[in-house]
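This report concerns only the one structure given below.
The values are calculated or read from the model by the stated rules, or taken from the named source; none is laboratory data. Since the structure is predicted, the reported quantities are computational estimates derived from the model, not experimental observations. Here Cβ is always computed from backbone atoms with ideal geometry, including for glycine, and neighbour counts include all displayed protein chains. For the accessible areas, the whole protein counts, side chains as well, though only heavy atoms, and no ligand, DNA or RNA atoms are used. Shrake-Rupley method; radii C 1.70, N 1.55, O 1.52, S 1.80 Å.
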Amino acid sequence: MSMIIEAFFNKDNIIVELNTLDISEDEKEKLLKMADELAEYRFLNAILDKLDEKDKEIFLDYTHGGTPEVLAEFLHDKIVGIEEILKEHARNLEYEILEDIRSLKESPK
Amino acid sequence: MFWFFKKKKKKSEIFERLSEKLEQRKSEHIEEIKQKHKSVISWAKRRGIRVEEIAKQSARGLAAGVAAGAVIVSSGLPISEGTKQQSNTEKEIRNEIPDNTLQSSVKVKKDVSGEVKKTLSGEDMYNEKKISKKLSETLKIPVKVELDGIRLNKTYGVIGYESHLTRYPGDNLSTHFQSSVDREKYGRAGMAGGPGAWGYIAPSKQALTQKDIEREKYYLVAQTFLSPNWGSGEVKQWFRHRKMVVVNPANGQVVVGVLEDAGPEPSTGNSFGGSPEIIEALGFAGGGSDVLFYFVDDPDDKVPLGGYGL
């Protein structure tokens, strides 16, 4: 799981922003975990959007039993510029989470 | 001493509000998947899985896959090269609708299951001599306990459900099946992340023949390493592609296959293994049970692989 975060989803800015909040380390960890999970769903949606119906099923087969290498090959075959697409979704998600944090800070209640 | 008076630490309000927002975003994504991707819903229904579970598992698989892709890309290698480097111990899945030139022929055969079941009824399944004789007579092919002075450790035992074998370097879910029907039917079994005990059946996709395809489709696994004749390279090679007949005595179903892998580990309790196609032909739904497992003496390769009939 951490591999995808390192590869695409940069949480450095989110961590910096969380550090400005009055929350415990445990709470911070939980929020970062939720952010990771959110990134996974975001990526899943992004991938499904790019696949036709037949390929969606093949993709699901792969994710439910294939090796990461085979899945990676399939995705690269089927989706041109997949890295860029995922990076863009990751950037948008990062921005949205940062906005969530900032808006909470600005309106504490 | 006063630990039980200690107040449980209260979650901070800002944490609760932020986690609520993130949860809400997650729910929106799940809902979006349900609304936009109907085939995902039907895929889940067919497998009896909740959509939320599918999304969770897919997201994890995707995470690993994308990460692997990123690693391979960053190493400067093409994906296929990276795939080739994967360990043989891994398991691999992949489906493909391959070229139409690879078509298997279908012939109508006389079902022998009733006759086989009848002939085996009440017999001692460990009486190799009698069983092989009866099977030879009923199936009208030479069924042997021992061939060329070589035998297996067992002729009766539990057969396990195996994954598909990687037939050549790079074979995977996208390349493996001849039709979408096969992919739908057998894709769930996954693929062994490498070749069998004797290496790839074919050196490349281009070199793959119809015979190779049939060999993988109806491949068998036996504990060749427990054979009383085990010990030399010659014996090991002798077992390769060795034609076997497998019989489910409970229903009389018969299938002919070839040895393409060694196993299973004795600790599993299984004595043999069979491809998903073999297991289905034997009438086992998703799992195995006791079978008879004998050599077919067929030096001219006349007995076709697959479900047996006359």
Alpha carbon centre of the stretch B:107-170 versus the stretch A:21-74: separation in Å? 46 Å
Cα-projected label distance for B:Leu310 with A:Asn13, points at 7 Å along beta-carbon direction, nm: 7.7 nm
Under a point-charge model restricted to the Cβ atoms of Lys and Arg (+1) and Asp and Glu (-1), what is the dipole moment magnitude of chain A relative to its Cα centre, in debye to the nearest 20? 240 debye
As I understand it, the value is the acute angle between the Cα axis of helix A:25-50 and the longest principal axis of the Cα atoms of chain A; what does it come to in degrees, rounded to 10? 30 degrees
Just the accessible area for B:His176, please: 1.4 Å probe, Å², rounded to the nearest 10? 10 Å²
Can you give the accessible area of B:Ser136 in Å² (nearest 10), computed on protein heavy atoms with a 1.4 Å probe? 30 Å²
Counting only DSSP beta bridges fully inside the stretch B:205-281, the antiparallel percentage to nearest 5 is 70 percent
Taking the full set of protein chains and a 1.4 angstrom probe, give the accessible area of A:Tyr95 in square angstrom, rounded to the nearest 10. 140 Å²
Global geometry of the stretch B:152-241, whether rounded, prolate or oblate, following the gyration tensor of its Cα atoms and the 1.5 cut on a/c: oblate
Suppose we take every Cα in the stretch A:26-109 and form the convex hull; what volume per residue is that in Å³? 117 Å³
Between the Cα axis of helix A:68-78 and the main Cα principal axis of chain A, the angle (0 to 90°, nearest 10) is 70 degrees
Accessible-area order (highest first, 1.4 angstrom probe) of the listed residues B:Arg50, B:Arg242: B:Arg50, B:Arg242
Distance in nm between label sites at B:Glu137 and B:Ser267, each 7 Å beyond Cα in the beta-carbon direction? 4.4 nm
Only helices counted: for chain A, with every DSSP H run of 4 or more residues adding -39500 (n - 2.57) and the sum spread over all residues, [θ] at 222 nm is -26000 deg cm²/dmol
The stretch B:193-254 to the stretch B:261-300: how many Å between their Cα centroids? 11 Å
So for R0 = 22 Å, FRET eff. of A:Val80-B:Arg47 from the Cβ-Cβ r, to 0.05, ends up at 0.15
In the stretch B:243-310, taking the dipole from +1 charges on Lys and Arg beta carbons and -1 charges on Asp and Glu beta carbons about the Cα centre, the listed residue (B:Gly306, B:Val245, B:Gly283) farthest towards the positive end is B:Gly283
Extended-chain gain in nm, criterion 0.36 nm per residue less alpha-carbon gap, B:Glu13 and B:Lys130: 34.2 nm
Near-label residues of the stretch B:206-241 by backbone N, under 12 Å of a point 7 Å along Cα→Cβ of B:Glu146: B:228-229
